[in-house]
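Q: Quick one: the structure is below, questions incoming.
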Protein chains: 2
Amino acid sequence: MKAAIIGGGVIGGGWAARFLLNGWDVAVADPDPEAERKINEVLAGARRSLPAVYDRALPAEGTLSFCALEDACAGADWVQESVPERLDIKHTVLDRVNAAAPDSAVIASSTSGFKPSELTAQGARCIVAHPFNPVYLLPLIELVGDVPAGAADMLRSVGFSPLHVRKEIDAHIADRFLEAVWREALWLVKDGIATTEEIDEAIRMGFGLRWAQMGLFETYRVAGGEAGMKHFMAQFGPALQWPWTKLMDVPEFTDELVDLIAGQSDAQSGHLSIRELERLRDDNLVGILRSLKRTNAAAGGVIAAHEASLPQPSASPEALPITQDRVIPQTWTDYNGHMNEAHYLELGAAATDRFMEMIGADAAYIAEGLSYFTTENHLQYLDEMHAGDRVRVSTQVLEGGPKKMHLFHRMMNPAGEVAATMETFLLHVDLGTRRSAPARADVAEALAAFGQAHAGMPRPEGAGRYVGQRG
Amino acid sequence: MKAAIIGGGVIGGGWAARFLLNGWDVAVADPDPEAERKINEVLAGARRSLPAVYDRALPAEGTLSFCALEDACAGADWVQESVPERLDIKHTVLDRVNAAAPDSAVIASSTSGFKPSELTAQGARCIVAHPFNPVYLLPLIELVGDVPAGAADMLRSVGFSPLHVRKEIDAHIADRFLEAVWREALWLVKDGIATTEEIDEAIRMGFGLRWAQMGLFETYRVAGGEAGMKHFMAQFGPALQWPWTKLMDVPEFTDELVDLIAGQSDAQSGHLSIRELERLRDDNLVGILRSLKRTNAAAGGVIAAHEASLPQPSASPEALPITQDRVIPQTWTDYNGHMNEAHYLELGAAATDRFMEMIGADAAYIAEGLSYFTTENHLQYLDEMHAGDRVRVSTQVLEGGPKKMHLFHRMMNPAGEVAATMETFLLHVDLGTRRSAPARADVAEALAAFGQAHAGMPRPEGAGRYVGQRG
């Protein structure tokens, strides 16, 4: 697959990163001599954080090239326009894109300010696909206009969550909310009710924590309690008649207001560079997205679905099954500047889970009331591993009986060197009685087959080792 | 300390839970015969989730009682009024509170609709302390009015993040933003642009993920890039003149609009009960808060600061140091319905960290460039542990030399039974060279002293054990 990115910068760069890190070839067209540097800066941020939200490796990166608009569009499956928000510039660019791109290509604009009817007024084919910064981490894409069949699925295949807006409207949906809050915030700063920092606190210490997961209406549904949404609206509805926002009026956008806000923002966050703030933002997003993935909620559900579409690792050259292949997220590192010891066990436990799937002890099996419980683990930490490192885990069966499973996981760095090992012993259990019980026949047979295949292999170095043993 | 909660319900119950779970005695006054049941339901939610955001145990719960308003207020340090939003009712209640409460008590109202000047118009003493649902998890409290010295610190001592609003204004700060978004959302639903579910998606798949951590202005500062906040405002400012919100006008609040929204909300979330939605919300909040605690960001910073104020555990009766005392969060459980194996190692690693602090290898020591690296761990899983269980860890030194530290952690359930063990071996390292190096003299001596004190103790059962060993 090939994406053409027309216009670099933070938004174009974010689109480029999404496609590239999902295995697409990406051609960027931007007359700015700084475009390559800017795109590569965004890419560096994306490489640091996008793989970190997944527990499987993303596909091998596609090829990135920089070229003229016509060359970028040739053979493209998706053309994304992210040039400055001036309609005359957009019209000119879209005319050139329409002439150069295949008829089969999706042609989309990142515009937040224009409706599809404005973009296509001179006959160019184009939809709106409006992303949110950082584009490489936030799933939302607002699709507006005459969206071609398959366009939404193409976005999903690179991890986005497309939202088809039913009717075109100025600023689509999300930016209307942002604009409403922005206007109110400008009033509050101007009138000395609150500083920029206090406004940020009022958001992130309260409703911001709710909106990361449930949005507006579901949150209020819960707030309404058993009496439901009608009850909530009866309580809250009358406030519409109260002077609770200043939005009936628009603050004058003076130099004084700009200086006031820029000065307060410097006081609030000026001790951190933009790059440091970006890293903090992305680290927090990775943490939030990974925690939402646990419950399959909101954006976490998007990650989980995309992850399930990524290929599982295959067998290694040594004929041992590869049970994990992933990148170490920054949320797994600690004060010593490397992967924390607990996450080696998290990695090993995931390898055990994957091996269980391979022998048929999968989610459906567990739902039947059968599973394995770990009784014992031994880990050797042989070499440091770091955030961003690709790690693969191979699994050797040391013993596999109807009730017992004794495994040895090797955790390997990209050079294939064993950086850590985990020896693990599990008992098969009945989840009803919580006691040891034989595995279902097909699972026991599949485990035994692995055990026989691995029986002739050398016993792994470190198997049977105890803590503190010499040598 | 004693809190009087005047008016139960979801908000009063949330206040009660915050105080109670932080060791305060709580007296609730509410004429509703259902008040005790309702408060206990909120408390059940709080007990499930508030301890889960901390890695130290909260104080022992205070005593909860239900009584008349005057009895509740007698001897109270904090009186929180959360009665219905009618000014006449508030005036009557506040008069009675003022007569019954000590002069030293902070008297505060949860009102979202009234300003302090309105509450105190008839002479009652009162400030606004406006919380956000769920009050037991969200840190924000908007303080408005003539706030007594010490009031903010009392709120901080139970884990809140007070925000003193500089001037009183209708709806304080956060609800003005919520109201602005609510109005815009009603328009979008009414005009058929989006359903309630689509609006929630537009929020939680995009800017909601940003606002959980950075709020409005810091997010935009980052978006402005190196060019800074002024550049961002120059770009975004002109939108103020564009028709990007419908907020110049207010939608008519008709029965049809209520039915439309309630119907869409049922279609969106009606497959889950309110109780299930609450649990999902709280589980997600626990996950988000714990992930933000990792970077000390936003609400995570509030949790971290509060946690640091909680007492560290002391020595056990057996004279072994207690190195962890905490409640198991729901985010640590897995598909088998119990604490996942990886989190036993997380718990053991935290016990090692705490023991390092005890011998002087603390954050300052690590900042000097010295630390311990784990080379080997062995874990025995003897009994299941579950979300909500209190767990204590004792630590026995098996060997403590200038370069070596060999520890044995016992993880104990509330009955004092050993549910798991972790034997761990660490090497002291120079963080510059990443190689083994002797500990600083005082650290080595403190470790040796523990080693000598523990030398006469029986060797723990399971020490020196290897995986799969019989018996």
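Only the coordinates and a few stated rules stand behind these numbers; no lab work does. Computed from a predicted model, the values in this text were never measured in an experiment. No Cβ is skipped: glycine too gets one built from the backbone with ideal geometry, and neighbour counts run over all protein chains shown.
Q: Using 30 Å as the Cα-Cα cut-off, could you pick out the over-long pairs in A:LYS2/A:LYS115; A:LYS2/A:LYS38; B:LYS167/B:LYS230; B:LYS2/B:LYS38; A:LYS38/A:LYS190; A:LYS38/A:LYS115? Walk me through the intermediate numbers first.
A: Values: A:LYS2/A:LYS115 26 Å; A:LYS2/A:LYS38 20 Å; B:LYS167/B:LYS230 26 Å; B:LYS2/B:LYS38 20 Å; A:LYS38/A:LYS190 34 Å; A:LYS38/A:LYS115 28 Å.
As for pairs spanning more than 30 Å Cα to Cα, those are A:LYS38/A:LYS190.
Q: How much net charge surrounds B:SER49 when only the other residues with a Cβ under 10 Å from the Cβ of B:SER49 are counted, with Lys and Arg +1 and Asp and Glu -1? Numbers along the way, then the final one.
A: Working: positive: B:ARG47, B:ARG48, B:ARG279, B:ARG281; negative: B:GLU278, B:ASP282, B:ASP283.
That works out to +1.
Q: How far apart, in nanometres, would the label points at A:ASP153 and B:ASN40 be if each is projected 7 angstrom from Cα along the Cα-to-Cβ direction?
A: 5.4
Q: Now for a separate question. Just grab the label-to-label distance for B:GLU85 and A:ALA68, each label 7 Å out from Cα along the Cβ direction, in nm (one decimal).
A: A separation of 6.2 nm, rounded to one decimal place.
Q: Could you work out the Rg to Rh ratio of segment A:2-171, with Rh taken as the Kirkwood radius (inverse of the mean 1/r over all Cα pairs)? Walk me through the intermediate numbers first.
A: Numbers: Rg = 14.7 Å, Rh = 15.7 Å.
Taking Rg over the Kirkwood Rh, I get 0.93.
Q: Still on this structure, please answer the following. How many times 2.2 N^0.38 Å is the alpha carbon radius of gyration of the protein assembly as shown? Mind showing how you got there, number by number?
A: On the way: Rg = 29.3 Å, N = 942, 2.2 N^0.38 = 29.7 Å.
Compared with the compact-globule rule of thumb, the protein assembly as shown sits at 0.99.
Q: What is the angle, in °, between the Cα long axis of helix B:174-190 and the longest principal axis of the Cα atoms in chain B? Nearest 10 is fine, range 0 to 90.
A: Tilt of helix B:174-190: around 70 degrees.
Q: Let me ask something additional. Give the calculated FRET efficiency between B:ASP191 and A:ALA267 to the nearest 0.05, with a Förster radius of 45 Å applied to their Cβ-Cβ distance. The partial results should precede the final answer.
A: Values: r = 40 Å, r/R0 = 0.90.
The pair B:ASP191/A:ALA267 has a calculated efficiency of 0.65.
Q: Summarise the partner chain shielding of A:285-293 as one whole number: the mean count of Cβ atoms from other chains within 10 Å of each residue's Cβ.
A: Details: counts 6, 2, 11, 11, 3, 2, 11, 7, 1.
Partner-chain Cβ atoms within 10 Å, mean over residues of A:285-293: 6.
Q: With all pairs of different alpha carbon atoms counted, what Kirkwood hydrodynamic radius in Å does segment A:80-125 show?
A: Working: mean 1/r = 0.0942 Å⁻¹.
Evaluated over segment A:80-125, this radius sits at 10.6 Å.
Q: Here's something else I'd like to know. List the GluC sites (Glu not before Pro) within segment B:25-64 that DSSP assigns to loop and that have no more than 11 neighbouring Cβ atoms inside 10 Å. If you can, show how the numbers build up before the last one.
A: On the way: sites: B:GLU34, B:GLU36, B:GLU41, B:GLU61; in loops: B:GLU34, B:GLU61.
Counting only loop positions with at most 11 other Cβ atoms within 10 Å, the GluC sites (Glu not before Pro) in segment B:25-64 are B:GLU34.
Q: Using the alpha-carbon atoms, what tilt in degrees (0 to 90, nearest 10) does helix A:255-269 show relative to the longest principal axis of chain A?
A: For A:255-269 against chain A, the angle is about 20 degrees.
Q: Measuring label to label, 7 Å along Cα→Cβ, what does B:ALA267 give against each other copy in nm, shortest first?
A: For B:ALA267, the other copies' label points sit at 4.8 nm, shortest first.
Q: Quick one: work out the % antiparallel among DSSP beta bridges in the protein assembly as shown, nearest 5. Present the calculation step by step, with values, prior to reporting the outcome.
A: On the way: 85 of 129 bridges.
Given both bridge residues lie in the protein assembly as shown, the antiparallel proportion sits at roughly 65 percent.
Q: Further question: Over the C-alpha atoms of segment B:324-471, what are the Rg and the largest Cα-to-Cα span, Dmax, in Å?
A: So, for segment B:324-471, Rg and Dmax equal 15.9, 46 Å respectively.
Q: What nm value, rounded to one decimal, do you get for the distance between B:ASP259 and B:SER117 when each label is placed 7 Å out toward the C-beta?
A: 4.3
Q: Return one number: the angle in degrees, 0 to 90 and rounded to the nearest 10, between the long axis of the Cα atoms of helix B:9-21 and the longest principal axis of the Cα atoms of chain B.
A: 30
Q: Which value, to two decimals, describes the C-alpha radius of gyration of segment B:158-240 once divided by 2.2 N^0.38 Å?
A: On the way: Rg = 15.8 Å, N = 83, 2.2 N^0.38 = 11.8 Å.
The reported ratio for this selection is 1.34.
Q: Mind listing the label-point distances from A:ALA415 to the same position on all other copies, shortest first, one decimal in nm, points 7 Å along Cα→Cβ?
A: Shortest to longest, the spacings are 5.1 nm.
Q: Report ³J(HN,Hα) in whole Hz for each residue of segment B:358-371, in order, from the Karplus equation J = 6.51 cos²θ - 1.76 cosθ + 1.60 where θ = phi - 60°; Gly and Pro get x.
A: 4, 9, x, 8, 9, 4, 5, 4, 5, 4, 6, x, 10, 6
Q: What are the label-to-label distances in nm, one decimal and shortest first, from A:PRO438 to the same spot in the other copies, with labels 7 Å along Cα to Cβ?
A: Listed shortest first, these distances are 6.1 nm.
Q: Over the Cα atoms of chain B, how large are the radius of gyration and the largest Cα-Cα distance (Dmax), in Å?
A: Rg and Dmax of chain B, Cα atoms, are 26.6, 80 Å.
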